[in-house]
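Okay, structure first, notes after.
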Amino acid sequence: MKVNELKKGMYVEIDKELWQILQILPVTRGNWRTYYQVSLKSLAKGTVVERRHSGTDDLTYAFLEGREVEYLYEEPDSYVFMDTKTYEHLHIPAALVKDQIGYVRHNSRVKMQFYGGNAVSLDLPAAVVLKVVETDPSVRGDTVKNVTKPAELETGLEIRVPSHVVTNDFVKVDTRTGQFISRAAPGEIPAEE
């Protein structure tokens, strides 16, 4: 696949190692040809490197297999998921999904990406609905716009929410930025609640 066809979030294979594209920026200087500044994260080591490529360079696109899994529980150094088709329990190293697990409720289903039979990452939706388990009470008369306060969600994730949000509210959270979007509408609240 040509470098100019790649997008953020895609996976490529370089020297038999899997890398995720964190950022790809076209750079044009004067009348020179455009090159691409690519920020890549190694999934094996977790290191981030910057590389320069011309738009016509070829990189090997990594085809990932997506499987639906159910999040069961946490162990000291891993998270346990169950494949919903085979009922196999998958022990995923904590380092692999630690940045994403805060958006996944216990016993909820999510898609997991696999490469060569090994788990790579979770494929999260753009937004999730989570319950606020602890936050400061609202202050009466606080009418200043954009006032936020810390809130702890049911998964342990901590975000900033507007002052009108109270404990036991359900909120929508952007999984890409970790920011509050809105209160959840009644139809968006998970069924088991």
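The values are calculated or read from the model by the stated rules, or taken from the named source; none is laboratory data. Just so it is clear, the structure is predicted and the values come from calculations on it, not from any experiment. Note: ideal-geometry Cβ built from the backbone for every residue, glycine included; neighbour counts use all protein chains shown.
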Can we say residue 43 is closer than 24 Å to residue 104 by Cβ, hydrophobic (A, V, I, L, M, F, W, C) and touching a residue at least 60 places away in the same chain (Cβ under 8 Å)? yes
Is there a residue being under 30 Å from residue 3 (Cα atoms), surrounded by 17 or more Cβ atoms within 10 Å (Cβ to Cβ) and over 18 Å from the mean Cα position of the chain (by Cα) anywhere in the stretch 83-98? no
Inspect all residues belonging to the stretch 128-137 and state whether any of them is farther than 30 Å from residue 10 by Cβ, modelled with pLDDT under 90 and over 18 Å from the mean Cα position of the chain (by Cα). yes
List the number of the failed condition for residue 130; all other conditions in (1) surrounded by fewer than 17 Cβ atoms within 10 Å (Cβ to Cβ); (2) farther than 26 Å from residue 62 by Cβ hold. (1)
Please note which strands (runs of 3 or more DSSP E) are completely contained in the stretch 16-134 and include at least 2 residues that are farther than 30 Å from residue 169 by Cα, in contact with a Gly (Cβ under 9 Å, 6 or more places away or on another chain) and among the hydrophobic types (A, V, I, L, M, F, W, C). 17-27
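Can you confirm whether the stretch 163-174 contains a residue that is outside any strand (DSSP E or B), exposed (fewer than 13 other Cβ atoms within 10 Å of the Cβ) and small (Gly, Ala, Ser)?
No, the stretch 163-174 has no match at all.
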So which residues in the stretch 1-26 are in contact with a Lys or Arg (Cβ under 8 Å, 6 or more places away or on another chain) and of a type in the set (A, V, I, L, M)? 21, 22, 24
Exactly one of these conditions fails for residue 96: (1) farther than 30 Å from residue 190 by Cα; (2) at pLDDT below 85. Give me its number. (1)
